Amino acid sequence: MQHYTSLNDLDSLLITVQEAIELKKNQLQFKTLGEGKTICLLFFNNSLRTRLSTQKAAQNLGMNTIVMNFGSEGWELEFEDGVVMNQNKSEHVKEAAKVIAQYCDIVAIRAFASLTDKEKDKDEMVINSFKKYAGIPVVNMESATGHPLQALADAITIEEFKTVKKPKVVLSWAPHPKALPHAVANSFVEMMLLQDMDFVITHPKGYELNPEITKNSTIEYNQEKAFENADFVYVKNWSSFNDYGKVVNTDVNWMITTDKMKITNNAKFMHCLPVRRNVIVADEVLDSENSIVIQQANNRTYSAQIVLKKILENL
Ligand code: AN0
Ligand code: CP
């Protein structure tokens, strides 16, 4: 594998999930594969899990890691061509990407959606500029439109916890005070559509995701109806896609409560974290035995490790 910027970079999601589960049993089995190799992790936004699990994954493979919080510590980058750079932006991505590529063998990038410019976000300017100018493998640690390391960890988690061959999985929107990106939901949908599962998306009207991503997915506007017989409830907030980046509804009735979980088939509760307690989900659900968010976050290491392993094998 050359880059990992979307799930489509994997030859096979299902085989990769099995490989990650094998890797998890003995996480140091490829500890010399990355010897002498360096990964640069560039963060244009905050992170806990992605930052630590990707470093851990690289270290399990024997790699060196360099981390930079670009958002707060880097020069502000210009991405447009032919601009007179006499404003705030000190450096063009053309130089920055080429310079960074001399210090490492793989570059991983977190650059959230602007949520103000739909076209720019759709073009994935940050990730694609690094792809274009760095000339080394690029890994997506959540870009404007996707979070494929999260979705791979989610697929591993569902595989580990499913008790029937074809579980019912519900992706539910839940309220949040701030406008959040679509990336996690997009990649989750893409991941579900690569598998034969009973998949339903539920959200209030106005929160339809990009139809090019949801394609023919079932959308049920009645959350309680969607929850009937669910084996997994995957919860995430996102802002409006049509009214781009706007919070069009914060209906507290969409919060995940014990009463709602009672409608399900004793479903597991999943969330990528960070999660706001008693806004997205009630304490008693998050603290219940059915909540697998901690195990889900653990799988971020094996998701990153299997991806880095595939890239290292191709270097
Ligand atoms: C981010 C998001 O919703 O995309 C990161 C999630 C992994 N969440 C927040 O900004 C709270
Ligand atoms: N789930 C996830 O990506 O978490 P962080 O934003 O903390 O990295």
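For residue 149, the stated conditions do not hold, so it cannot be described as surrounded by 24 or more Cβ atoms within 10 Å (Cβ to Cβ) and part of a strand (DSSP E or B). Apart from one condition, residue 142 fits all of (1) assigned to a loop (DSSP other than H, G, I, E, B); (2) within 14 Å of ligand 1 (Cβ to nearest atom); (3) farther than 21 Å from residue 300 by Cα; (4) not small (Gly, Ala, Ser); the exception is (3).
Taking the numbered list (1) open to solvent by 20 Å² or more (accessible area, probe 1.4 Å); (2) hydrophobic (A, V, I, L, M, F, W, C); (3) more than 14 Å from ligand 1 (Cβ to nearest atom); (4) within 24 Å of residue 45 (Cβ to Cβ) in turn, residue 161 passes all entries but (4).
In region 256-275, the residues that are more than 19 Å from residue 156 (Cα to Cα) form Cβ pairs under 6 Å with partners that are away from ligand 2 (no atom under 16 Å from the Cβ) and polar (S, T, N, Q), at six or more places apart or across chains, as follows: 265/229. Residue check: residue 212 meets all listed conditions (1) in a loop (DSSP other than H, G, I, E, B); (2) open to solvent by 30 Å² or more (accessible area, probe 1.4 Å); (3) under 23 Å from residue 150 (Cβ atoms) but one, namely (1).
Look at residue 46 and say whether it is within 16 Å of ligand 1 (Cβ to nearest atom) and open to solvent by 70 Å² or more (accessible area, probe 1.4 Å). Criteria met by residue 46.
Yes or no, residue by residue, for (1) touching a helix residue (DSSP H, G or I) at 6+ places or on another chain (Cβ under 6 Å); (2) within 16 Å of ligand 1 (Cβ to nearest atom); (3) outside any loop (DSSP other than H, G, I, E, B):
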| residue | (1), (2), (3) |
| --- | --- |
| 221 | no, no, no |
| 226 | no, no, yes |
| 229 | no, no, no |
| 235 | no, yes, yes |
| 239 | no, yes, no |
| 242 | no, no, no |
| 245 | no, yes, no |
| 248 | no, no, no |
| 253 | no, no, yes |
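Filter region 34-92 for residues that are over 23 Å from residue 298 (Cα atoms), assigned to a helix (DSSP H, G or I) and touching a strand residue (DSSP E or B) at 6+ places or on another chain (Cβ under 7 Å) and give the result. Matches in region 34-92: 70, 71. Please go through region 51-64 and pick out each residue that is within 9 Å of ligand 2 (Cβ to nearest atom) and touching a helix residue (DSSP H, G or I) at 6+ places or on another chain (Cβ under 7 Å). Scanning region 51-64 gives 53, 54.
The values are calculated or read from the model by the stated rules, or taken from the named source; none is laboratory data. Just so you know, these numbers come straight off a predicted model, no measurement behind them. Here Cβ is always computed from backbone atoms with ideal geometry, including for glycine, and neighbour counts include all displayed protein chains. Remember, those area values only see protein heavy atoms, side chains included, never the ligands or the DNA or RNA. Shrake-Rupley method; radii C 1.70, N 1.55, O 1.52, S 1.80 Å.
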